[in-house]
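Quick notes on the structure that follows.
The values are calculated or read from the model by the stated rules, or taken from the named source; none is laboratory data. Just so it is clear, the model here is predicted, and its values are computed rather than measured. Cβ sites come from the backbone with ideal geometry, for glycine too, and all protein chains shown count toward neighbours. Please note that ligands, DNA and RNA were not included when accessible areas were found on the heavy atoms of the full protein model with its side chains. Shrake-Rupley method; radii C 1.70, N 1.55, O 1.52, S 1.80 Å.
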Amino acid sequence: MSKEIGITVKKNEDFSEWYTQVVIKAQLTDYAPVKGLIVLRPYGYSIWEYIKSSVDQKLKATGHENGFLPVLIPESLLSKETTHFAGFTPEVFWVTHSGDTEIGDRLALRPTSETLAYSMYSKWIKSWRDLPLKINFWNSALRAEIKSTKPFLRTSEFLWQEGHTVHSTKEEAEEEVAVILDIYRRTVEDELAIPVILGKKSEKEKFVGAVYTTTMESIMPDGKALQMGTSHFLGQNFSKPFDVKFLDKQNIETFAWQTSWGVSWRLIGALIMVHGDDKGLVLPPRVAPIQVIIVPIYSSQSDKDAVLKKASELNDILTKKCLRSHIDSRDEFTPGYKFNDWEMKGVPLRVEIGPRDLPKNKMVLVQRDSLKKSDLSFDNAEDEIVKILNEIQRSLFEKAKKILSDRIQNIIDLEQFKKEIENGMFLYSPWCGDQKCEEMIKESTGADIRVIPFDGKRSNAPCIVCKNPSKIDVIFAKGY
RNA sequence: GGGACCGUAGUCUAGCUUGGUUAUGAUGCUAGCCUGGGGUGCUAGAGGUCGCCGGUUCAAGUCCGGCCGGUCCCA
């Protein structure tokens, strides 16, 4: 009976099913009536809001502003940069009618907004004084996913932010690309407690239309790599077709240098996969919509009054400390039910207050990550709770970091490579730089070059595939 | 891109092979009581276009086709 309410499979036995159950049962999301689309429920949206506000603050602090772009982009505009268009066109949703009238230049539901943004930018930018232009857009993008959709990881519409900047020099634009990647890294590592590897994408895997793409990658418990965010250097690839140019200080007309970058609600998917356990979600305190859940326990009416009074005192103290605390005063559920319910929802700390505790001026504290129980005195409750929340945040990160480093292996032999890729490893291997070798690996093992790490070490071994001298060492893995 | 499976009340589910009166059970929900420190117990009640459209038939949840939605595995 109890099994049917909670998560019915174990995370390490049936990972896909586990993930699906967690997102639905923890009430993060639900399926929309259209294939591949999901609805964010308040609990899920709330997590997105914390991610959003973390990124947003950092963007504002580095001189970015927010804007808004419409969802419809005319085909004529979308197709202006040809590689970009060719890359996206298989997954574009098209609007072909307005009412009963057919639309001549059909309209795309934005798969991404480079083309639209830059057609506007070309109007707004005239002089070197107009630069840099750094605008970010919080919106959704639509890319038709024909098969195997999965909430947060692969859906036909997703929430994200897309930033689009314009600079007068190549150097400044490249600096921007790095600044943004660092903002992403800090958000993901510090708030979501997920360690990442920073680096570049290969030519094959880069954003269509970019000069190069920088990325942060992490590994999921099933051994698949997940791209957590990307920051692209566009060079002048878009400024030329879209005529984004300015008069420089020498009065010379110059094409601008551009960047674009984004993170999506995919980060929520990563959060679930990395930290969750057999009981459901485990949320890092910094992004938990509720950080402390207070469960009052009572039987008689007089106990109830006393317990609720104490619970409410504690709640006030925690709220004043800017902690997100909530009392579960639902009368229709037993404490046991509530314990399981909040554990499934991943609330980092639970405080139980019952008649036994009141005379001792204490309460029972339970950590979600370790399920460790301890007694906590009322007198220094808030300091202790803050301390433990910080510990949980740190410990989740450390745990994930260990898993990531344990999963990285240096491999120079192809046979060993094939074996380890099946074991769900991140393989750090030498590569000659030839796309043919990259494709050969993809065909024979299903693995991609996930990232060419910035802090790459050189093995100086021959290319894992062709045995010619290698240029660099890169990380291969199967991806989402 | 290839394959397997599923859709019956808010949720899970029996019935479908072999068509036949009023669609099974649990959970959840509502009311009342009991209980409460790990998914509590009792009593009563409400809750259904059997995913949608069409076909076969005297008769379809059940058989056939199409569509919609979902899950899993492989590339």
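Assessment of region A:305-320 against the conditions (among the hydroxyl-bearing types (Ser, Thr, Tyr) and under 25 Å from A:Met273 (Cα atoms)) yields no matching residue. Of the listed requirements (1) free of Cβ contacts under 8 Å to residues at least 12 places away in the same chain; (2) under 25 Å from A:Ser370 (Cβ atoms); (3) not β-branched (Val, Ile, Thr), A:Lys304 misses just one: (2).
Considering region A:443-467, the residues that are of a type in the set (D, E, K, R) and within 24 Å of the chain's Cα centre (by Cα) include one that is surrounded by the fewest Cβ atoms within 10 Å (Cβ to Cβ), namely A:Asp455.
In region A:38-50, the residues that are assigned by TED's automatic domain parsing to the domain that holds A:Thr155 reach residues that are in a strand (DSSP E or B) and open to solvent by 30 Å² or more (accessible area, probe 1.4 Å) with C-beta atoms within less than 8 angstrom, at least six apart or across chains, in these pairs: A:Ile38/A:Asp30; A:Ile38/A:Tyr31; A:Val39/A:Asp30; A:Val39/A:Tyr31; A:Leu40/A:Leu159; A:Arg41/A:Asp30; A:Trp48/A:Leu40; A:Trp48/A:Leu159. Looking only at residues that are farther than 26 Å from A:Gly235 by Cβ and β-branched (Val, Ile, Thr) in region A:118-152, which one is modelled with the highest pLDDT? For region A:118-152, the residue satisfying everything is A:Thr149. Please specify each residue of region A:151-177 satisfying the condition of being of a type outside the set (S, T, N, Q) and farther than 24 Å from A:Phe242 by Cβ. Matches in region A:151-177: A:Pro151, A:Phe152, A:Leu153, A:Arg154, A:Glu157, A:Phe158, A:Leu159.
Residue count for region A:145-174 under the criterion of being part of a loop (DSSP other than H, G, I, E, B), open to solvent by less than 60 Å² (accessible area, probe 1.4 Å) and within 16 Å of RNA strand B (Cβ to nearest atom): the result is 7. Whether a residue is open to solvent by 60 Å² or more (accessible area, probe 1.4 Å) and modelled with pLDDT of 95 or more was assessed, and A:Tyr31 does not pass this test.
For region A:25-57, the candidate set comprises residues that are basic (Lys, Arg) and farther than 23 Å from A:Glu162 by Cβ; within that set, the residue that is farthest from RNA strand B (Cβ to nearest atom) is A:Arg41. Of note, A:Arg129 satisfies the criterion of being part of a helix (DSSP H, G or I) and surrounded by fewer than 17 Cβ atoms within 10 Å (Cβ to Cβ). Selection of strands (runs of 3 or more DSSP E) fully inside region A:185-247 by the criterion of at least 1 residues being out of contact with any Ser or Thr (no Cβ under 8 Å at 6 or more places or on another chain) and crowded, with 22+ Cβ neighbours inside 10 Å returns A:212-219. Of the strands (runs of 3 or more DSSP E) lying entirely inside region A:266-357, those carrying at least 1 residues that are within 15 Å of RNA strand B (Cβ to nearest atom) and acidic (Asp, Glu) are A:349-353.
In region A:8-24, the residue that is modelled with the lowest pLDDT out of those that are more than 7 Å from RNA strand B (Cβ to nearest atom) and open to solvent by less than 60 Å² (accessible area, probe 1.4 Å) is A:Val9. Figure legend. Inter-residue proximity from region A:172-187: first residues in the same structural domain as A:Ala270 (by TED's automatic domain parsing), second residues in a helix (DSSP H, G or I), beta-carbon distance below 6 Å, spacing 6+ or different chains. Indicated pairs: A:Ile183/A:Lys58; A:Thr187/A:Ser54; A:Thr187/A:Val55.
Taking region A:1-118 as the region of interest, the helices (runs of 4 or more DSSP H) fully inside it that hold 1 or more residues being closer than 17 Å to A:Gly269 by Cα and aliphatic (A, V, I, L, M) are A:15-25, A:42-61.
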